[in-house]
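Student: Take a look at the following structure, please.
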2 protein chains.
Amino acid sequence: MTTQPVAAFEPPYVMAVFSNVRTADDTGFDELNDRMEEIVEAIPGYLGYESARTPGGLGITVAYFRDHEALTVWRENLQHQAAMKRGRADWYESYTLHVATVERSHGFVRNG
Amino acid sequence: MTTQPVAAFEPPYVMAVFSNVRTADDTGFDELNDRMEEIVEAIPGYLGYESARTPGGLGITVAYFRDHEALTVWRENLQHQAAMKRGRADWYESYTLHVATVERSHGFVRNG
């Protein structure tokens, strides 16, 4: 689990914001989520991801990629496609995905 | 507090992802946060925002705007600038801001 924000990467880069509300069914979720992390981390051009969830409420996950080509590899991965299908069938009450190109970014670290 | 993801707006639009870790100091935070919501909601071109926070961990807030001009009005608002300064002084251990143009988006609602 992320405990610090990801870095401000050098623009331009790509980010996918996945905001969602889960169902009460979490059967198999953690196991498949771990597997998806292994797959995405192996994609060239993958930069990082971060996630937050308000208990009983909204979850937001952001994945960062160097370019759209890297994101396309992730989107078209067959195991990822199967996981998305499972998500719609069982795990998500609702979600929205926003795919964007980051034009600027900056970070702050206390005493950093 | 948001309990559903925001809609998939018609691209292109702008989003600002603010991921952060808070300090233990929350003095005055909720009051100022409510005031900031009032201000941003009054800006023409503001589309919406959503927020999630893992207890004791990462928070992610995403604000959506029709275009960069609307976001600039928000960034340059004097009360917002004072609030950001207060955030760096007291409330945030670390944060990263990513400003991006959304090129595509889609949503899913169960039985929707």
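Student: Within the stretch B:24-38, can you find the residues that are touching a helix residue (DSSP H, G or I) at 6+ places or on another chain (Cβ under 6 Å) and not acidic (Asp, Glu)?
Tutor: From the stretch B:24-38, those touching a helix residue (DSSP H, G or I) at 6+ places or on another chain (Cβ under 6 Å) are B:25, B:29, B:32, B:36; that's our starting set.
B:Phe29, B:Leu32, B:Met36, listed by residue number.
Student: Restricting attention to the stretch B:54-77, does a residue exist that is surrounded by fewer than 19 Cβ atoms within 10 Å (Cβ to Cβ), within 26 Å of A:Glu10 (Cβ to Cβ) and among the polar types (S, T, N, Q)?
Tutor: Yes, that holds for at least one residue.
Student: If you don't mind, another one. What's the number of the condition B:Arg88 fails, among (1) part of a helix (DSSP H, G or I); (2) touching a helix residue (DSSP H, G or I) at 6+ places or on another chain (Cβ under 8 Å); (3) within 11 Å of chain A (Cβ to nearest Cβ)?
Tutor: Going through (1) part of a helix (DSSP H, G or I); (2) touching a helix residue (DSSP H, G or I) at 6+ places or on another chain (Cβ under 8 Å); (3) within 11 Å of chain A (Cβ to nearest Cβ) one by one, B:Arg88 breaks only (2).
Student: If a residue has to be facing chain A (nearest Cβ under 9 Å) and either at positive phi or in a loop (DSSP other than H, G, I, E, B) (or both) to count, how many in the stretch B:91-112 make the cut?
Tutor: To start, the set of residues in the stretch B:91-112 that are facing chain A (nearest Cβ under 9 Å) comprises B:92-110, B:112.
From what is left, the residues that are either at positive phi or in a loop (DSSP other than H, G, I, E, B) (or both) are B:110, B:112.
Qualifying residue count for the region: 2.
Student: Now, a different point. Looking only at the stretch A:13-45, how many residues end up being outside any helix (DSSP H, G or I), surrounded by fewer than 17 Cβ atoms within 10 Å (Cβ to Cβ), away from chain B (no Cβ under 14 Å) and not aliphatic (A, V, I, L, M)?
Tutor: So the answer is 4.
Student: Here's another thing I want to ask about it. Confirm whether B:Gly57 is part of a strand (DSSP E or B) and not β-branched (Val, Ile, Thr).
Tutor: So B:Gly57 fails the test.
Student: Pairs under 7 Å by beta carbon, first residue aromatic (Phe, Trp, Tyr) in the stretch A:9-26, partner assigned to a loop (DSSP other than H, G, I, E, B), six or more apart or different chains?
Tutor: A:Tyr13/A:Arg66
Student: Also, quick follow-up: Filter the stretch A:56-66 down to residues that are over 15 Å from the mean Cα position of the chain (by Cα) and at pLDDT 95 or above, then give me how many there are.
Tutor: Here the count works out to 1.
Student: Those residues that are more than 8 Å from chain A (Cβ to nearest Cβ) and on the phi < 0 side of the Ramachandran plot, I need them from the stretch B:46-60; list them, please.
Tutor: B:Tyr46, B:Leu47, B:Tyr49
Student: Only one of these is free of Cβ contacts under 8 Å to residues at least 24 places away in the same chain and under 28 Å from A:Arg110 (Cβ atoms): A:Thr61, A:Thr54. Name it.
Tutor: Numbers: A:Thr61 fails: free of Cβ contacts under 8 Å to residues at least 24 places away in the same chain.
Result: A:Thr54 is the single residue among A:Thr61, A:Thr54 that is free of Cβ contacts under 8 Å to residues at least 24 places away in the same chain and under 28 Å from A:Arg110 (Cβ atoms).
Student: Can I ask one more? Go through (1) free of Cβ contacts under 8 Å to residues at least 12 places away in the same chain; (2) over 27 Å from A:Val99 (Cα atoms) for B:Gln4 and report which single condition fails.
Tutor: The single condition B:Gln4 does not satisfy is (2).
Student: Return yes or no: is A:His80 out of contact with any Phe, Trp or Tyr (no Cβ under 9 Å at 6 or more places or on another chain) and either at the interface with another protein chain (Cβ under 7 Å from one of its Cβ atoms) or not hydrophobic (A, V, I, L, M, F, W, C) (or both)?
Tutor: On the way: out of contact with any Phe, Trp or Tyr (no Cβ under 9 Å at 6 or more places or on another chain): no; either at the interface with another protein chain (Cβ under 7 Å from one of its Cβ atoms) or not hydrophobic (A, V, I, L, M, F, W, C) (or both): yes.
No: the conditions fail for A:His80.
The values are calculated or read from the model by the stated rules, or taken from the named source; none is laboratory data. For clarity, every value in this text was computed on a predicted model and none was experimentally measured. FYI the Cβ positions are ideal-geometry reconstructions off the backbone, even for glycines, and counts take in every protein chain you see.
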